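Taking it in order: structure first as structure tokens, then the write-up.
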Amino acid sequence: MKLSELAILTGGTIETGNGDTEIMGAAGLDIAGPQDVTFIANPKYTPQIAATNAGAIFVAKEAQINREDIAVVRTDDAYVAYTMALRAFHPDPPVTSGIHPSAVIGENSKVADDAQIGANVVIGDSCEIESGVRLFPNVTVYDGVSIGKGTVLHSGVSIRENCQIGAKCIIHNNTTIGSDGFGFARTPEKKWLKIPQVGHVVIEDDVEIGSNSSIDCPSVGESRIKTGTRIDNLVQIGHSCSIGEDSLICAQTGLAGSSEIGDRVILAGQVGIAGHLKVGDDASITAKSATSHDVDEGAVVSGIPAFENRDWLRSTAAFRRIGEYAKIIRKLEKRVSELEEELKK
Amino acid sequence: MKLSELAILTGGTIETGNGDTEIMGAAGLDIAGPQDVTFIANPKYTPQIAATNAGAIFVAKEAQINREDIAVVRTDDAYVAYTMALRAFHPDPPVTSGIHPSAVIGENSKVADDAQIGANVVIGDSCEIESGVRLFPNVTVYDGVSIGKGTVLHSGVSIRENCQIGAKCIIHNNTTIGSDGFGFARTPEKKWLKIPQVGHVVIEDDVEIGSNSSIDCPSVGESRIKTGTRIDNLVQIGHSCSIGEDSLICAQTGLAGSSEIGDRVILAGQVGIAGHLKVGDDASITAKSATSHDVDEGAVVSGIPAFENRDWLRSTAAFRRIGEYAKIIRKLEKRVSELEEELKK
Amino acid sequence: MKLSELAILTGGTIETGNGDTEIMGAAGLDIAGPQDVTFIANPKYTPQIAATNAGAIFVAKEAQINREDIAVVRTDDAYVAYTMALRAFHPDPPVTSGIHPSAVIGENSKVADDAQIGANVVIGDSCEIESGVRLFPNVTVYDGVSIGKGTVLHSGVSIRENCQIGAKCIIHNNTTIGSDGFGFARTPEKKWLKIPQVGHVVIEDDVEIGSNSSIDCPSVGESRIKTGTRIDNLVQIGHSCSIGEDSLICAQTGLAGSSEIGDRVILAGQVGIAGHLKVGDDASITAKSATSHDVDEGAVVSGIPAFENRDWLRSTAAFRRIGEYAKIIRKLEKRVSELEEELKK
């Protein structure tokens, strides 16, 4: 691809360098070669510019590059431009349409002619698999499931009965969608009576879910993951939860049942959310934190239980010294008692 | 089902309303329609009674319902009665007995005539699969495994060599039973020498295990999950653990090796239990907590490391203000020094 | 095996007992019978020696055994000797070479004649499966993967495109190697634009990975797990991470992207490591801790965020009493104010 084409594709403008230069790939500052485009987004990495072998670089409005041998493409957001370039150099592999002879397809299921159904895939009854869907080997789809255009399910994924998967989703290996919610009524004899879990999960369009994650169905109704949301590996989403649009849920985070997460929420790694809560739009919960209360729109919270991040930072700094403070307090008590004695005299 | 039949089934008594009314389903206050029965268990939801469209409602002894158009069924426990109704409306699907032609069954394995063995299931040698068992597609059962009457294994489940699964269990998708315990001896050269893990896992009757969980086998002997226990998704049970009866282990909880959990214990989400511990009967550990010590019978503990929940609540409340306290302590030190100076004069 | 042979095998010396005694197995003090060898490594278990039925015992240099009926084998490390004995009594099962007729093998893939390829295994194109490899049923291997001599992949494992697995590795059930790293660029419209993840994972020789774990591939380049490292169940390793040799990563630990873990590092259960960090050789992070900073070589750290373990122990002890301290501080404030008033008079 010519540099000039790349600039058009990414909405950038060539500031220095020849638009006819051939660019063959995109890579980080440390790996990029003379035919690669790289980027600088974080000023922390500015010193690496002196040493990079890249042929071209995406830079944001304010950045200065002191290398005359590197073509400079100025953009609004260098990281987004770099991602667009990387996507252009690594397009999705073509769909190899057809059903592998070892795949098993149930009754009354429709599979689009140009879908790709891998070896040993099992699809139940009354399913609908749309155009361009790719099911990798050993995927299991239960009865009554629909899978929208262009969605990819990787090997080992299980989609349980009646779940609806939208278009252009990616679900990575060994993830389970629609297993039974963890719902039991405790009898007077302290036994756990299973509450039937006959609802289903709806995954809207353009959702990506990592490997080995679990998204449960509810007793009645639905659990829903909205358009544009990204979920990482080993994540637990309990029954009846709803996750808004364009949210980011990092690895090993867990949601108990019936919580409602807003749009553009960020839950960092290993976060916990108790049941029946609301997390407002644009809120963030930092890594390893857990909340048992609602979180306001736009809030950033931390800790177990979580509270305002700024206060938490101050508390954790003090926490390191509470052993010390305890000593000081005991000394102060003694000194005050002595003063009191002294004054009584 | 007639309301009168439902009352008999759930052990309730019709207080108002016609016993001949047809009830077609059970649902929550917000979703239920005129032919559904609903319930009120938590007084928090009392305001929703005014707006519900339900035709009938289960209520506990003490509750008052001010809606003459809704049939009232009084019961000991409204939530248990509702669950019983939901179970009556959603019975387990019938077993479709037979072995799918793509399934592979090893030598000397017995599969009951009325078991359901799905597509691409693989069963090893010398296994015993009892009556009414349902193995969904892509389940793998290693050699020497027994699976008791009416148990369900969902797609992607792996049962390792010689494990014993009881009757009426449900194991959800992609869960692993009997993978090797994490046991190594460290050599003088600081290498980890694998300790053979040749024990097995015993799951007793009526146990439910969520999706993507791991229960390890021990080096010798057994790991055991007792009757009536419920385990959620993404749970880790280390080698040689024993979990008592009717316990509840919520998502993403992890147990290191050789711990012994009592009966009716509740481990909330993301809890951690160190190795070689005892957690007494009826104890609870709250979400995101971890214990490195034994927990007494009936105790409720919290925190990392965990201690008595009541104290932990007080400590976490104070934790939010320790930055503030640190300031006060420093000021007090100064004031006390000034007083001491003053008195010396 | 004769006791004398066992002594030679484990590098021990028979102190008391007949070298011709037949030893049939190895087991813990509480389980071992007259034909078993047992061990004592932790003085805590010394009282159990009086009651054991073992026929022989491995003991370290300093330990004393007051049982004349038990053969004593003195060794440098009783636990390592016991492990070596257990390994001798439980050798790896023989490889049953051959490709099951239900397995599906892609184009241009080489499978060694003496590899064992189980039922319903699917291997992609251009793979290389070396001698003595055992793939259990329902394993999926994508295109371009290599698997080294003697490696075992258990049922449900997925190896994604172009990953390299070394020799003598063991990967337990339902684990995913090489799923896409969790990398997105946020657009000005606050959408998450997927960064192509076209790198791969390299697992070196003699690595063991537990069940239901996820190891992601990077956008470009590699994620690497070095020789001799042991990884437990439900572990998350993000894109571009590197784990050194002979490290131990316990269950439910998670690493965000681009972190570099040294050699012989121990990460206990449920630990979290933020992105772009370095954890030095021989460092340990205790259970349930999380670090957002680099960790020095040999350091032992704890807490969220983690700091020196010794200090953390002191802080957590004081934490239990901070409610109390808060009260004392308030009282001290009052007493100091009173003293100040008094002195003003």
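The values are calculated or read from the model by the stated rules, or taken from the named source; none is laboratory data. Everything numeric in this text was worked out from a predicted model, so none of it was measured. All Cβ positions, glycine included, derive from the backbone under ideal geometry; neighbour counts span all protein chains shown.
The table below gives the values:
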{"read-out": "From the options A:G228, A:G178, residue that is facing another protein chain (nearest Cβ under 9 Å), under 16 Å from the mean Cα position of the chain (by Cα) and either surrounded by fewer than 24 Cβ atoms within 10 Å (Cβ to Cβ) or assigned to a strand (DSSP E or B) (or both)", "value": "A:G228"}
{"read-out": "Subset tally (residues that are outside any helix (DSSP H, G or I) and small (G, A, S)) for region A:49-91", "value": "7"}
{"read-out": "Subset of region B:112-152 [part of a loop (DSSP other than H, G, I, E, B), of a type in the set (S, T, Y) and within 12 Å of chain C (Cβ to nearest Cβ)]", "value": "B:Y142"}
{"read-out": "Residue count, region C:205-225 (criterion: more than 14 Å from chain A (Cβ to nearest Cβ) and either crowded, with 21+ Cβ neighbours inside 10 Å or in a strand (DSSP E or B) (or both))", "value": "5"}
{"read-out": "Residues that are of a type outside the set (D, E, K, R), part of a loop (DSSP other than H, G, I, E, B) and buried (at least 19 other Cβ atoms within 10 Å of the Cβ), drawn from region B:280-292", "value": "B:A283, B:T286, B:A287, B:S289"}
{"read-out": "Count of region B:153-175 residues which are closer than 18 Å to B:D232 by Cβ and either out of contact with any Ser or Thr (no Cβ under 9 Å at 6 or more places or on another chain) or facing another protein chain (nearest Cβ under 9 Å) (or both)", "value": "8"}
{"read-out": "Condition broken by A:S242, with the remaining ones in (1) under 19 Å from C:Q252 (Cβ atoms); (2) surrounded by fewer than 21 Cβ atoms within 10 Å (Cβ to Cβ); (3) not acidic (D, E) satisfied", "value": "(1)"}
{"read-out": "Per-region count, region A:15-28, residues farther than 20 Å from C:S219 by Cα and touching a Lys or Arg at 6+ places or on another chain (Cβ under 8 Å)", "value": "5"}
{"read-out": "Members of region C:231-270 found to be part of a loop (DSSP other than H, G, I, E, B) and acidic (D, E), listed by number", "value": "C:D232, C:E245, C:D246, C:D263"}
{"read-out": "Options C:I23, C:I8; residue that is on the phi < 0 side of the Ramachandran plot and touching a strand residue (DSSP E or B) at 6+ places or on another chain (Cβ under 9 Å)", "value": "C:I23"}
{"read-out": "Residue match in region B:277-287 (condition: touching a residue at least 12 places away in the same chain (Cβ under 8 Å) and facing chain C (nearest Cβ under 9 Å))", "value": "no"}
{"read-out": "Which listed residue, of C:V295, C:V301, is surrounded by 20 or more Cβ atoms within 10 Å (Cβ to Cβ), modelled with pLDDT of 95 or more, in contact with a helix residue (DSSP H, G or I) (Cβ under 7 Å, 6 or more places away or on another chain) and more than 8 Å from chain B (Cβ to nearest Cβ)", "value": "C:V301"}
{"read-out": "Flag for B:Q48 being surrounded by fewer than 16 Cβ atoms within 10 Å (Cβ to Cβ) and either over 22 Å from A:E222 (Cβ atoms) or over 30 Å from the mean Cα position of the chain (by Cα) (or both)", "value": "no"}
{"read-out": "Per-region count, region C:21-45, residues in a loop (DSSP other than H, G, I, E, B) and within 28 Å of the chain's Cα centre (by Cα)", "value": "8"}
{"read-out": "Residue match in region B:190-199 (condition: assigned to a strand (DSSP E or B), more than 20 Å from C:T175 (Cβ to Cβ), at pLDDT 95 or above and assigned by TED's automatic domain parsing to the domain that holds B:D143)", "value": "yes"}
{"read-out": "Among residues of region A:311-345, those that are more than 17 Å from B:Y325 (Cβ to Cβ) and either outside any helix (DSSP H, G or I) or charged (D, E, K, R) (or both), counted", "value": "8"}
{"read-out": "B:E333, sole failed condition from (1) buried (at least 18 other Cβ atoms within 10 Å of the Cβ); (2) at the interface with another protein chain (Cβ under 7 Å from one of its Cβ atoms)", "value": "(1)"}
{"read-out": "Candidate set from region B:55-99 (those that are under 18 Å from B:P34 (Cβ atoms) and within 13 Å of another protein chain (Cβ to nearest Cβ)); member that is surrounded by the most Cβ atoms within 10 Å (Cβ to Cβ)", "value": "B:F58"}
{"read-out": "Matching entry among C:G25, C:G11 (being in contact with a Phe, Trp or Tyr (Cβ under 7 Å, 6 or more places away or on another chain) and of a type outside the set (F, W, Y))", "value": "C:G25"}
